[in-house]
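Report on the structure given below.
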Amino acid sequence: MRYFKCENLIEALGLLADPDTRFPLLAGGTDLIVQWRMGGRMPEGVIDIGALEEIRLIIQRENVIEIGAAVTHSMLIESNIVRRYCPVLVDACRTVGAVQIQNRGTIGGNIVNASPAGDTPPVLMAFDAKVELANLSGRRHVPLREFYLSYRKTALKPDELLTRIIIPKHGPDEKAGFYKIGTRKAQAISKVALCVRAKIAGGAVNDIAIALGSVAPTAVRAPKTEAFLKGKKLDSFAVDEAKRTLAAEIAPIDDIRSTADYRRFVAENLLARYLEKASDAF
Amino acid sequence: MGVVGQNAVRLDGREKVTGRALYVDDIVMPGMWHGVAVRTTIPSGKVLSVVFDPRFNWKKVVVADRHDIPGRNVVTMIEEDMPLLVHDEIRHIGEAIVLIAAPTKKMAEDARRHVEIRYEEWQPVLTIEDSKAKKRVIHGSDNVISRYKIDKGDVSAGFKDSDAIVEGVYRTGAQEQAYIEPQGIIASPGKGGGVDLVGSMQCPFYILKALERLLGMSETKLSVKQATVGGAFGGKEDYPSVLAGYASVLALKAKRPVKMIYDRNEDMNVTTKRHPSVVRHRTGVKKNGMLVAMDIGIELDAGAYTTLTPVVLSRGFLHSAGPYRCPNVRIAGAAFATNAPPNGAFRGFGAPQTLFAVEAHMDKIAEEIGMSPLELRRINCLKVGDEMATGQILKESVGALECLEKAAAASGFERKWRASLPLCKGESEGIEVRSTLPDPPLQREGTVRGIGISLFMHGGGFTGSGEAKMKGKAGIRLERDGKLTVLTGCTEMGQGAHTVLPQIVAECLGVPLSCVRVETPDTSKVPDSGPTVASRVTMVIGKVLCVCAEEMKRRLSEAAGRDHGDFRSLAGSFLKKRGPLTIIEAYEPTPGIHWDDTTYHGDAYAAYSWGCDVAEVEVDKDTFEIKVERMYMAHDVGRAVNPQMVEGQIEGGTLQALGWALMEDNRYDGGKLLNNRFQTYIIPTTMDTPFLELITVEHPFSHGPLGAKGVGELPHDGAAPAVVNAIANATGIRISEIPATPERLFEECKKKHFRSS
Ligand SMILES: Cc1cc2nc3c(=O)[nH]c(=O)nc-3n(C[C@H](O)[C@H](O)[C@H](O)COP(=O)(O)OP(=O)(O)OC[C@H]3O[C@@H](n4cnc5c(N)ncnc54)[C@H](O)[C@@H]3O)c2cc1C
């Protein structure tokens, strides 16, 4: 196997540009290496981007925070910027595997791996995050909600690398919540994950973003439920109707971890839990 | 000396924590190759042909098939129905057809991918129901692997005499042992054309017996040695005989050592699991709570071959009526063959399944007659002098009631139980808690809490006449330097046997523990103590060692011509005059024990350990997540030889049982295991572990070593029913099938129109 450890981003993009060296990118390897083992075969080469300083930074700008793709879950958990502007991302990262996985696994790997059960995509989607995709000829920004095309399919082109995640700063008048229901208390893959970010004033919803994991082929937003809730007063009727709308909008499946019915039920209840808590808090 | 009763530090601890202990995969031999098995991918059918892809260079490897087996193509256990390599008929996915050895594991794996098997496929039999209905006959004439019947009193008359009759059906799933170290063995050609084995195993002498038959060799040409073992839980009782067979056949053909180590997936796919069960109860009871008649039906899914199933079923039978007095009992049932990999030994060995059923059922009875579950158990609990279902009269060492009272008192059971009210009252019978209960206090927002209890026992040692037939041997050798060596085929696999047995010897001889060591279990060096199973090592082999110690003292005194003086001085003068001394004794069954295998009547076990578990759970109303917050466990182990290790067994066994109760679930599709890795086979983590409160109860057993009884399996018996009973107390939903996952609780609640909205 050919192993490339790149000195800088340009070098990595150069390797990707050449079909002869267009090998899988390896960041923390916590998804990739498991997949190699399960598939019983290794690729002919690998491009290790795990140590590229250019994409291991967390930067605060005027209206956004930028997270390098190779930032690990542990780095996110410890970052003051993330804690301040997107604390629920810290909550999500804390639930990823255990400390060993958090130390190696990266946010970029979590996004590009495109598992419907990945824990950071629902948070990033609820925060209207964009991903920056780069190749030798330039870079483009894609909203994360448009990045996922179908089950494990993304908009990433073969010569592209995910460089940064750009998260808009949201005002202090918005409150977010992240809930993950796994198969056990730790080291668990999500059966349902929900992230909601909302602006609620006087018991009424001014703005809301709802994103879920493990209830559809990709992480998804729930636009119909959002549209229903916008402008509504949060009474028990509204909460019930929101639950019904959400249930109709998501498409969970039966699999080894859980059942479609259970996932739907839990997704509804978690939304209700958030709304009840949020209407008290504002 | 007071060595027994002390928390002696594990004698194997230092080696293990410093990484010096050699597990089988750490062992490398000169010229050693690596073996793999080519396996069936269909559950039922016939092999038409085996095709070796000519693109692979077969000269680089050694291939063995059934024609290379020098003796008979069988894996000898209880029966000889299981071939080592598929002969003709395929009975489950993962059966080996061809074996390959290669210089590297990678090459062996590569070779395996270049073998194609062509089949004729048959309709598989995959459930107990289909097997029982003889959808196809895959074993014997009726798919029955084993069947028993126990009859006591007159059950029909008992039902006529009852005020209420309560029925229930209980199901449990397959469970994976999940030992840390997967299975592995190295076979190497030995002297005189024989074979030497070293590996991860519980029972070296089982392997010896299996290889004699398979290789057509006398045991003098064979030696089987245990490497350091990283956990077993029953999973390394019978299966290593299979792996030893593969490795030996390859080693003989390749004329070099062959190592076979499973990775986790292969281990989970092909090795044995806990038998899935269906247990039906019909119980007649008086208004005052007295049990009058118990009619119990037991069915186990045996998988494709007999393996240890008859003994698992037997133990299941003998524990199925629980620790209760009942004049009329009928127990009937069978283990059925299916096209799944054979199920086998797992901590508890059939008892956890049937105790789950009876203990969940006791709560249903209590509810039916409006009595507290604690009171119902108290009324019927076995005491000294009582008669069990097999007619066994309990003569001594019955700590059941003390366990019950202590666990109930420590947990505040009665008060807490009354304080909970179901969250979901259904229309159907048996769901509502009676009006004898006070109004519930306000629940914490979003969750409901409940408490549940279970009472249980575990028979120590082999069932019935097993120990009398086995005559397990063990010995003590006085070494030239005055130190003592314990000689036993019983193995250390993490449970602490090789610390506890020396503690017993040190105590009996009056020497410090540091003077005693244990010989490596190697069939060429130690006597056959019988297998390391059935909660028997401390109780049975510990007892044999006490007898050895007495005999040694007698011989030393005799030689010295005096019976006073301490062991050291007697031993010193003996060694000077005559040199080392080895004493080997065999187990003498407890006097007055009678068992009839044909009628299943008599003293099923010489002694029972008893236990009571109380579980407190919290159920989230939004997600149905079940959190076990606290467990109280009062266990009567006779005498705790090493209290800390007893606690270790109880804590570990309870957690393993909680896994089985709440999340562990081997799921199959068309005979194929779906969750063959730890990403999808979910076991509890530290974060899932409740606060565990232990209460040790000691009702000594006169024939046990210094009063000790078994503790290895007991802790797996009580947690599951205590938890489902607690869930019922919290939610009003009786879960009769485990694992009690949130999904299952949700489904049950839906059935009861949970939250009518
Ligand atoms: C024991 C265990 C537990 C786990 N638990 C969880 C959990 O609870 N929740 C959860 O969400 N995940 C979990 N995971 C999955 C995994 O750890 C995460 O998805 C992690 O964030 C992946 O990051 P990585 O850097 O290791 O990815 P890698 O394995 O290095 O890469 C994953 C994929 O992304 C691609 N890739 C990586 N970086 C880039 C980039 N910058 N540009 C383009 N492509 C890229 C790789 O080519 C590969 O296809 C677990 C994994 C294990 C082994």
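The values are calculated or read from the model by the stated rules, or taken from the named source; none is laboratory data. Keep in mind that this is a model prediction, so the values were computed, not measured. Neighbour counts run over all protein chains shown; Cβ positions are idealised from the backbone, glycine included.
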Selection count where residues are within 12 Å of the ligand (Cβ to nearest atom) and without any contact (Cβ under 8 Å) to a residue 12 or more places away in the chain, scope the stretch A:67-80: 0
Taking the stretch A:217-262, which residues are assigned to a helix (DSSP H, G or I), among the charged types (D, E, K, R) and facing chain B (nearest Cβ under 9 Å)? A:240, A:261
Flag for residue A:200 being surrounded by 19 or more Cβ atoms within 10 Å (Cβ to Cβ) and under 19 Å from the mean Cα position of the chain (by Cα): no
From A:105, A:68, A:45, which residue is touching a Pro at 6+ places or on another chain (Cβ under 9 Å) and either surrounded by 15 or more Cβ atoms within 10 Å (Cβ to Cβ) or assigned by TED's automatic domain parsing to the domain that holds residue A:185 (or both)? A:45
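Residues checked against (1) assigned by TED's automatic domain parsing to the domain that holds residue B:675; (2) within 18 Å of residue B:369 (Cβ to Cβ); (3) surrounded by fewer than 24 Cβ atoms within 10 Å (Cβ to Cβ):
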site: B:285; (1), (2), (3): yes, yes, no
site: B:288; (1), (2), (3): yes, yes, yes
site: B:313; (1), (2), (3): yes, no, no
site: B:317; (1), (2), (3): yes, no, no
site: B:320; (1), (2), (3): yes, no, no
site: B:326; (1), (2), (3): yes, yes, no
site: B:330; (1), (2), (3): yes, no, yes
site: B:343; (1), (2), (3): yes, no, no
Taking first residues from the stretch B:445-469 that are within 18 Å of residue B:352 (Cβ to Cβ) and of a type in the set (A, V, I, L, M) and second residues anywhere that are at pLDDT 95 or above and assigned to a strand (DSSP E or B), the pairs with Cβ under 7 Å that are 6 or more apart or on different chains are B:453/B:612; B:453/B:614; B:455/B:381; B:455/B:612; B:457/B:608; B:457/B:609; B:457/B:610
Can you find even one residue in the stretch A:30-41 that is within 14 Å of chain B (Cβ to nearest Cβ) and either over 30 Å from residue B:263 (Cβ atoms) or away from the ligand (no atom under 14 Å from the Cβ) (or both)? yes
Among the residues of the stretch B:155-162, is any hydroxyl-bearing (Ser, Thr, Tyr) and touching a strand residue (DSSP E or B) at 6+ places or on another chain (Cβ under 7 Å)? yes
So which residues in the stretch A:263-282 are within 7 Å of chain B (Cβ to nearest Cβ) and either charged (D, E, K, R) or assigned to a loop (DSSP other than H, G, I, E, B) (or both)? A:273
Among the residues of the stretch B:378-388, is there at least one that is assigned to a strand (DSSP E or B) and more than 23 Å from residue B:313 (Cα to Cα)? yes
Per the filter on the stretch A:259-282, residues crowded, with 23+ Cβ neighbours inside 10 Å and over 17 Å from residue A:195 (Cα atoms) are A:262
Would you mind telling me which numbered condition in (1) within 12 Å of the ligand (Cβ to nearest atom); (2) more than 14 Å from chain B (Cβ to nearest Cβ) residue A:20 fails? (1)
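Residues checked against (1) in contact with a strand residue (DSSP E or B) (Cβ under 8 Å, 6 or more places away or on another chain); (2) under 23 Å from residue A:110 (Cα atoms); (3) not assigned by TED's automatic domain parsing to the domain that holds residue A:275:
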position	(1), (2), (3)
A:213	yes, yes, no
A:219	yes, yes, no
A:226	yes, no, no
A:236	no, no, no
A:244	no, no, no
The residue from B:289, B:297, B:234 that alone is assigned to a loop (DSSP other than H, G, I, E, B) and under 30 Å from residue B:650 (Cα atoms) is B:234
Does at least one position in the stretch A:156-169 carry a residue that is within 14 Å of chain B (Cβ to nearest Cβ) and either over 22 Å from residue A:276 (Cα atoms) or near the ligand (Cβ under 10 Å from one of its atoms) (or both)? no
Selection within the stretch A:42-66 - farther than 27 Å from residue A:81 by Cα, of a type in the set (A, V, I, L, M) and away from the ligand (no atom under 12 Å from the Cβ): A:42
Within the stretch B:544-578, residues part of a loop (DSSP other than H, G, I, E, B) and under 42 Å from the mean Cα position of the chain (by Cα) come out as B:566
The stretch B:672-720: number of residues that are among the basic types (Lys, Arg) and within 30 Å of residue B:39 (Cβ to Cβ): 2
Could you tell me whether the stretch B:634-648 includes any residue that is more than 14 Å from every other protein chain (Cβ to nearest Cβ), of a type in the set (Asp, Glu) and touching a Cys at 6+ places or on another chain (Cβ under 7 Å)? yes
Going through the stretch A:179-188 one residue at a time, which ones are facing chain B (nearest Cβ under 7 Å), in contact with a strand residue (DSSP E or B) (Cβ under 9 Å, 6 or more places away or on another chain) and either hydrophobic (A, V, I, L, M, F, W, C) or within 11 Å of the ligand (Cβ to nearest atom) (or both)? A:181, A:183
On the basis of being farther than 30 Å from residue B:356 by Cα, over 23 Å from the mean Cα position of the chain (by Cα) and aliphatic (A, V, I, L, M), does residue B:501 make the cut? no
For the stretch A:26-47, pairs from a residue that is of a type in the set (Ser, Thr, Tyr) to a residue that is within 6 Å of the ligand (Cβ to nearest atom) and assigned to a loop (DSSP other than H, G, I, E, B), with Cβ under 6 Å and 6 or more apart or across chains, are A:30/A:105
Touching a helix residue (DSSP H, G or I) at 6+ places or on another chain (Cβ under 6 Å) and either within 16 Å of the ligand (Cβ to nearest atom) or under 30 Å from residue A:67 (Cα atoms) (or both): does that describe residue A:228? no
Sole miss for residue A:83 among (1) away from the ligand (no atom under 13 Å from the Cβ); (2) on the phi > 0 side of the Ramachandran plot is condition (2)
Condition first: assigned to a helix (DSSP H, G or I) and out of contact with any Lys or Arg (no Cβ under 7 Å at 6 or more places or on another chain). Now tell me which residues in the stretch B:525-543 satisfy that. B:537, B:538, B:540, B:541, B:542, B:543
Please work out if residue A:199 is out of contact with any Leu (no Cβ under 9 Å at 6 or more places or on another chain), free of Cβ contacts under 8 Å to residues at least 60 places away in the same chain, of a type in the set (Lys, Arg) and away from chain B (no Cβ under 14 Å). yes
Being in contact with a strand residue (DSSP E or B) (Cβ under 6 Å, 6 or more places away or on another chain), at pLDDT 95 or above and among the aliphatic types (A, V, I, L, M) is true for just one of B:646, B:637. Which residue is that? B:637
